[in-house]
Amino acid sequence: MKLLIDADACPVVEICLEQARKRGIPVTLYCDTSHILQHEDAETVVVSEGADSADFALAAYFFQFCAQF
């Protein structure tokens, strides 16, 4: 299991990170260049700035992941 968060739009990033840390679940934050977030408990993927760019990056990751099966 891995938790993927659109950190540009998530008002509860800290809560998600805390709960994931307690459960040993790795976290990846997706954000654009206007909202760069760094957390020691998460990997950060920074995408180019633009409306919904983090959403599109998450969707692309999901489709690549699903294509494996």
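The values are calculated or read from the model by the stated rules, or taken from the named source; none is laboratory data. None of the values given here were measured: they were computed from a predicted structure. A quick note on method: Cβ atoms are made from the backbone with ideal geometry, for glycine too, and the neighbour counts reach across all protein chains shown. These area figures cover heavy atoms from the full protein model, side chains too; ligands, DNA and RNA do not enter into them. Shrake-Rupley method; radii C 1.70, N 1.55, O 1.52, S 1.80 Å.
Six or more apart or on different chains, Cβ atoms under 7 Å: show the pairs whose first residue is in the stretch 1-15 and farther than 13 Å from F56 by Cα and open to solvent by 40 Å² or more (accessible area, probe 1.4 Å) and whose second is outside any loop (DSSP other than H, G, I, E, B) and of a type in the set (D, E). Close Cβ pairs (under 7 Å, with a partner that is outside any loop (DSSP other than H, G, I, E, B) and of a type in the set (D, E)) do not exist here. Note on the stretch 17-69: among residues that are of a type in the set (A, V, I, L, M) and under 12 Å from L3 (Cα atoms), the one that is surrounded by the most Cβ atoms within 10 Å (Cβ to Cβ) is L29.
Scanning the stretch 9-33 for residues that are under 9 Å from the mean Cα position of the chain (by Cα) and not aromatic (F, W, Y) returns V27, T28, L29, C31. Has the stretch 34-43 got any residue that is in contact (Cβ under 8 Å) with a residue 40 or more places away in the chain and in contact with a helix residue (DSSP H, G or I) (Cβ under 8 Å, 6 or more places away or on another chain)? Within the stretch 34-43, not a single residue is in contact (Cβ under 8 Å) with a residue 40 or more places away in the chain and in contact with a helix residue (DSSP H, G or I) (Cβ under 8 Å, 6 or more places away or on another chain).
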